[in-house]
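**Q** First the structure, which I've put down as structure tokens, then a few questions once you've had a look.
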Amino acid sequence: MKLAIQIGAGNIGRGFIGALLEQAGWHVVFADVVESIISAINANRRYTVHILDREQGELTIGNISGVLSNGPEFLEKVAECDLITTAVGPRVLPIIAKSIAAGIQKRIQAGNTAPMNVVCCENGLRTTTRLKNEVLTHLNAEEAAFIESNIGFVDCAVDRICPKPSFDDPLDAAVERYCEWDVEEAAWKGPKPEIPGMTYAGNLMAYLERKLFTLNSGHAVCAYLGTLKGYATILESIGDPAIGDTVYQAMKESGEGLIREFGFDAEKHHAYIDLIFSRFQNPFLQDETIRVGREPIRKLDPADRLIKPLVTADSYGLPVDHLIFGAAAAMRFDCPDDPQSVELLGKIQQEGPAAALAAYSGLKPENPLFGRILDVYRALAIV
């Protein structure tokens, strides 16, 4: 039986990636630093994935166990597993890199040359490559050569809305029915297993950018504008006609940039936009605006969901009037429990919005987009 380690036993790890692997016949070892979750996994040995959609359903996930990701048992599992997947958030990847490196050293010591693959299922571009680079900082040249021969670090694109669950069993997870998991075919080491719900992609960057420019971008714009108006969920936000129209038009603007950048079929991509927009209106997904909006500094990064679609569309001379709202509203995201929100608002208060935008977005003040974002930022003060 194939053995997979899913690092991160949260809702995405349990409801999306871990569930797909278990349903494909793998034994899934969940690794996390939260002892209560790992204890519950090992005590119960099963949980339920609730599909909250217009067509609802349930999946029982039972071929599982758990280990602490900062404990010695984790290293033993890395030494013998076939696949490592992550769902921890991009900022945590450098933290887990040291443990993964130590597990690979144990694998070398055990003489295990069977192919293993690592796939980071995070919201971001090339996060697995970033993890690989972090892992290599903990290994010598001989160990790095072992990786090149035997371990694939495979970038991927993932897409499934997994809202915060609220069930009697804390292990139960909630997901929408739609899911997409595209992995980079060329980077995979060894035989390619059949995992329903996962596809091997030739041009992964096209899938990554399509998701970033459409789902991630639209989701963020909806969350930030909704938060400003006091809406608690994405469903409430998208139901506001003004917000709904802004989100849809922003996705269309970013889509026109994608069509030119990658040569997408225009009709198919417009249909994809409509599909994503309909997913935001799923009445069974009470996805919180605060959750979607967290980490605004990361989301304002030049390579992320707010600035990159804006810059790409603008580079082709396309309209970006609605995309502007995403970056401007992100600068007003106020969540005292989110360190990045606190940092962003603190910088704005101390140095002004122009300094904050320049520091986090990569845009130069002489870029016309810079002034346009600040104009909308100021206008949003009266929303």
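**Q** Counting only residues that are touching a residue at least 60 places away in the same chain (Cβ under 8 Å), give me the helices (runs of 4 or more DSSP H) lying completely in the stretch 87-162 with at least 1 of them.
**A** Per the criteria, 93-109.
**Q** For the stretch 168-246, which fully contained helices (runs of 4 or more DSSP H) count at least 1 residues that are at pLDDT 95 or above?
**A** Ranges flagged: 217-228, 234-239.
**Q** Quick one: in the stretch 329-380, of everything that is polar (S, T, N, Q) and open to solvent by less than 50 Å² (accessible area, probe 1.4 Å), which residue is nearest to A232 (Cα to Cα)? Steps first, answer last, please.
**A** Step one: of the stretch 329-380, the residues polar (S, T, N, Q) are 340-341, 349-350, 361, 367.
Retained after the next criterion (residues that are open to solvent by less than 50 Å² (accessible area, probe 1.4 Å)): 340-341, 361, 367.
Working: Q340: 19, S341: 17, S361: 26, N367: 34 Å.
So, considering only residues that are polar (S, T, N, Q) and open to solvent by less than 50 Å² (accessible area, probe 1.4 Å), the one nearest to A232 (Cα to Cα) is S341.
**Q** Then there is this: So, Q6, is that one more than 26 Å from A97 (Cβ to Cβ), of a type outside the set (G, A, S) and either surrounded by fewer than 18 Cβ atoms within 10 Å (Cβ to Cβ) or touching a residue at least 40 places away in the same chain (Cβ under 8 Å) (or both) or not? Can you show your working first?
**A** Details: more than 26 Å from A97 (Cβ to Cβ): no; of a type outside the set (G, A, S): yes; either surrounded by fewer than 18 Cβ atoms within 10 Å (Cβ to Cβ) or touching a residue at least 40 places away in the same chain (Cβ under 8 Å) (or both): yes.
No.
**Q** Another question about this same structure. Of the residues that sit in the stretch 257-287 and are crowded, with 20+ Cβ neighbours inside 10 Å and of a type in the set (D, E, K, R), which one is modelled with the highest pLDDT?
**A** My answer is R279.
**Q** Does any residue in the stretch 169-190 that is in contact (Cβ under 8 Å) with a residue 24 or more places away in the chain and under 14 Å from A157 (Cα atoms) come within less than 6 Å, Cβ to Cβ, of a residue that is of a type in the set (K, R) and surrounded by 19 or more Cβ atoms within 10 Å (Cβ to Cβ) six or more places away or on a different chain, and which pairs are these?
**A** If the second residue must be of a type in the set (K, R) and surrounded by 19 or more Cβ atoms within 10 Å (Cβ to Cβ), the pairs left are C179/R160.
**Q** Counting just the residues of the stretch 45-69 that are at pLDDT below 95 and assigned to a loop (DSSP other than H, G, I, E, B), which one comes out most open to solvent (accessible area, probe 1.4 Å)?
**A** R54
**Q** Can I ask one more? Given the criteria crowded, with 20+ Cβ neighbours inside 10 Å and of a type in the set (A, V, I, L, M), does I324 qualify? Break it down stepwise before answering.
**A** Working: crowded, with 20+ Cβ neighbours inside 10 Å: yes; of a type in the set (A, V, I, L, M): yes.
So I324 fits the description; yes.
**Q** If you go through the stretch 237-249 one residue at a time, do you hit one that is open to solvent by 10 Å² or more (accessible area, probe 1.4 Å), more than 20 Å from the chain's Cα centre (by Cα), in contact (Cβ under 8 Å) with a residue 24 or more places away in the chain and farther than 28 Å from A381 by Cα?
**A** No - not one qualifying residue is present in the stretch 237-249.
The values are calculated or read from the model by the stated rules, or taken from the named source; none is laboratory data. No experiment lies behind these values; they were computed from the predicted model shown. Backbone-built Cβ (ideal geometry, glycine too); neighbour counts: all protein chains shown. The accessibility values were calculated without ligands, DNA or RNA, using every heavy atom of the protein model including side chains. Shrake-Rupley method; radii C 1.70, N 1.55, O 1.52, S 1.80 Å.
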